[in-house]
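Asker: First the structure, then my questions, so here it is.
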Amino acid sequence: MFSAQFVTRLSKAQSVVAFTGAGISAESGVPTFRGNQGIWTKFKPEELASMDAFLANPPLVQEWYAARRKVFREVSPNAGHVALARMEKLFQRFTVVTQNIDNLHHRAGSLSVLELHGNIGRSYCLQCYREFVDDEIELGSGLTSCPTCSGLVRPDVVWFGEQLPEHEWAESVRAIESADVVLSIGTSGVVFPAAELPLLGKYHGAYVVEINPEETDLSRSMDEVIRENSSIALPELFRLLERAGVQQTETLR
Ligand code: OAD
């Protein structure tokens, strides 16, 4: 499944970035955005995932996110998430940079995770910026307003037309620029600026590998493509690394 060159580059890597998208969570039962069953085939992003949409109909957007929050709570990390969490321990620097808001990397045990599009488990008040986590306030039955100031409460996720969180973006660029290997996993690579990251890695000399059963906009820029589901490819990659004698580096941290 993997070339000898890839396994060698990865075995010797000091710094690795796993850039992930909705595809890594697909096998946990979380629908992706694009493709036949994708979320954006049933809903219009501009009606649900933008500030204009929220201000036009706050209860609708809050309820949609409450429904998604419920889905995320009911699913579990899959073998792909778990393999990445295990790989983290094999390298001096291993960073997951994710576009997902589902918290599944954390739940799988990954420690170094940068969430470029926020996390659905957090919300905040647009007026006083009070922050809420998950069930702290009841989100999902009609309009939810801030118990402190009655302001509108929104999910702490990035909507279309909004900037990515500054710290996460800067740290992601830093990790990518110094990466020896970048894995682009389960993303269609069409949403910018996040999709720039694998290309930036390549520009800075990383060996860039896509893991995705389908061709994407990024495929042709990759050094190698693995046409496989991430829940199959990533555990296999972890086994190969173990077999290649890559040791746990926890004591080096
Ligand atoms: P997409 O839905 O655009 O792409 C999902 C990708 O996962 C596709 O390329 C699939 O081929 C691939 N895929 C499906 N099943 C897979 C599996 N089992 N293993 C590996 N890959 C698999 O999702 P994203 O690229 O994450 O943004 O979308 C990027 C952003 O667009 C999202 O963060 C969201 C969305 O609109 C915002 O909400 C701001």
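The values are calculated or read from the model by the stated rules, or taken from the named source; none is laboratory data. All of these numbers come straight from a predicted model, not from anything done at the bench. Positions of Cβ are backbone-derived with ideal geometry, glycine not excepted, and every protein chain shown enters the neighbour counts. Calculation scope for accessible area: heavy atoms of the full protein, side chains included, ligands and nucleic acids excluded. Shrake-Rupley method; radii C 1.70, N 1.55, O 1.52, S 1.80 Å.
Asker: Is it the case that Q99 is open to solvent by 10 Å² or more (accessible area, probe 1.4 Å), in contact with a His (Cβ under 9 Å, 6 or more places away or on another chain) and under 22 Å from V208 (Cα atoms)?
Answerer: Working: open to solvent by 10 Å² or more (accessible area, probe 1.4 Å): yes; in contact with a His (Cβ under 9 Å, 6 or more places away or on another chain): yes; under 22 Å from V208 (Cα atoms): yes.
Yes, satisfied.
Asker: Next question, about the same structure. Can you name the number of the only condition in (1) within 11 Å of the ligand (Cβ to nearest atom); (2) closer than 16 Å to V158 by Cα that A79 fails?
Answerer: (2)
Asker: If you scan segment 59-81, which residues turn out to be more than 28 Å from E215 (Cβ to Cβ) and not in a helix (DSSP H, G or I)?
Answerer: Correct list: S76 only.
Asker: Please go through segment 20-41 and give me each residue that is modelled with pLDDT of 95 or more, among the polar types (S, T, N, Q) and either more than 16 Å from the ligand (Cβ to nearest atom) or not in a loop (DSSP other than H, G, I, E, B) (or both), ordered by number.
Answerer: Passing the criteria: T20, S25.
Asker: When segment 223-253 is examined, which residues are found to be touching a Ser or Thr at 6+ places or on another chain (Cβ under 7 Å) and either within 20 Å of Q14 (Cα to Cα) or open to solvent by less than 50 Å² (accessible area, probe 1.4 Å) (or both)? Working first, answer last.
Answerer: Step one: of segment 223-253, the residues touching a Ser or Thr at 6+ places or on another chain (Cβ under 7 Å) are 224-225, 241, 244, 246.
Listed by number, the residues that qualify are E224, L241, A244, V246.
Asker: So, in segment 42-58, of the ones that are surrounded by 13 or more Cβ atoms within 10 Å (Cβ to Cβ) and outside any helix (DSSP H, G or I), which residue ends up nearest to the chain's Cα centre (by Cα)?
Answerer: Only one residue tops the list, namely A49.
Asker: Now, a different point. Mind checking which residues of segment 103-118 are of a type outside the set (S, T, Y) and open to solvent by less than 10 Å² (accessible area, probe 1.4 Å)?
Answerer: The initial filter retains those residues of segment 103-118 that are of a type outside the set (S, T, Y), namely 103-109, 111, 113-118.
Answer for segment 103-118, where residues must be of a type outside the set (S, T, Y) and open to solvent by less than 10 Å² (accessible area, probe 1.4 Å): L104, H105, L116, G118.
Asker: Suppose we filter L111, L90, L104 for residues that are closer than 28 Å to L241 by Cα and within 16 Å of the ligand (Cβ to nearest atom); which single one remains? It would help to see each step written out before you state the result.
Answerer: Numbers: L111 fails: within 16 Å of the ligand (Cβ to nearest atom); L90 fails: within 16 Å of the ligand (Cβ to nearest atom).
Answer to the check: L104.
Asker: Of the residues that sit in segment 155-173 and are over 12 Å from T95 (Cβ atoms), under 14 Å from the mean Cα position of the chain (by Cα) and not aromatic (F, W, Y), which one is nearest to the ligand (Cβ to nearest atom)?
Answerer: Step one: list which residues in segment 155-173 are over 12 Å from T95 (Cβ atoms), which gives 155-167, 169-170.
Those still in the list that are under 14 Å from the mean Cα position of the chain (by Cα) too: 157-158, 164-165, 169.
Retained after the next criterion (residues that are not aromatic (F, W, Y)): 157-158, 164-165.
Details: V157: 7, V158: 5, L164: 9, P165: 12 Å.
Residue satisfying both the conditions and the ranking: V158.
Asker: Note down all Cβ pairs under 7 Å where the first residue falls in segment 3-28 and is touching a residue at least 12 places away in the same chain (Cβ under 8 Å) and acidic (D, E), the second is in a loop (DSSP other than H, G, I, E, B) and within 16 Å of the ligand (Cβ to nearest atom), and they're at least six residues apart or on different chains.
Answerer: E27/N78; E27/N229
Asker: Given the conditions (1) hydrophobic (A, V, I, L, M, F, W, C); (2) crowded, with 22+ Cβ neighbours inside 10 Å; (3) within 13 Å of the ligand (Cβ to nearest atom), and given that V17 satisfies all but one, which numbered condition is not satisfied?
Answerer: It fails just one condition, (3).
Asker: Can I ask one more? Restricting to segment 199-212, and then to whatever is open to solvent by 10 Å² or more (accessible area, probe 1.4 Å) and touching a residue at least 60 places away in the same chain (Cβ under 8 Å), can you tell me which residue is nearest to T8 (Cα to Cα)?
Answerer: My answer is Y207.
Asker: Being away from the ligand (no atom under 15 Å from the Cβ) and either surrounded by fewer than 17 Cβ atoms within 10 Å (Cβ to Cβ) or without any contact (Cβ under 8 Å) to a residue 12 or more places away in the chain (or both) is the filter here, so list the residues in segment 174-198 that pass it.
Answerer: Listed by number, the residues that qualify are R174, E177, S178.
Asker: Mind checking whether some residue in segment 207-225 is hydroxyl-bearing (S, T, Y), within 12 Å of the ligand (Cβ to nearest atom), in the same structural domain as R86 (by TED's automatic domain parsing) and assigned to a helix (DSSP H, G or I)?
Answerer: From segment 207-225, those hydroxyl-bearing (S, T, Y) are 207, 216, 219, 221; that's our starting set.
Still in the list and also within 12 Å of the ligand (Cβ to nearest atom): 216, 219.
Checking the rest, the ones that are also in the same structural domain as R86 (by TED's automatic domain parsing) come to 216, 219.
Retained after the next criterion (residues that are assigned to a helix (DSSP H, G or I)): 219.
For segment 207-225, residues hydroxyl-bearing (S, T, Y), within 12 Å of the ligand (Cβ to nearest atom), in the same structural domain as R86 (by TED's automatic domain parsing) and assigned to a helix (DSSP H, G or I): present.
Asker: Here's another thing I want to ask about it. From I24, I39, grab the single residue that is crowded, with 17+ Cβ neighbours inside 10 Å, within 30 Å of M87 (Cβ to Cβ) and more than 15 Å from the chain's Cα centre (by Cα).
Answerer: Among I24, I39, only I39 is crowded, with 17+ Cβ neighbours inside 10 Å, within 30 Å of M87 (Cβ to Cβ) and more than 15 Å from the chain's Cα centre (by Cα).
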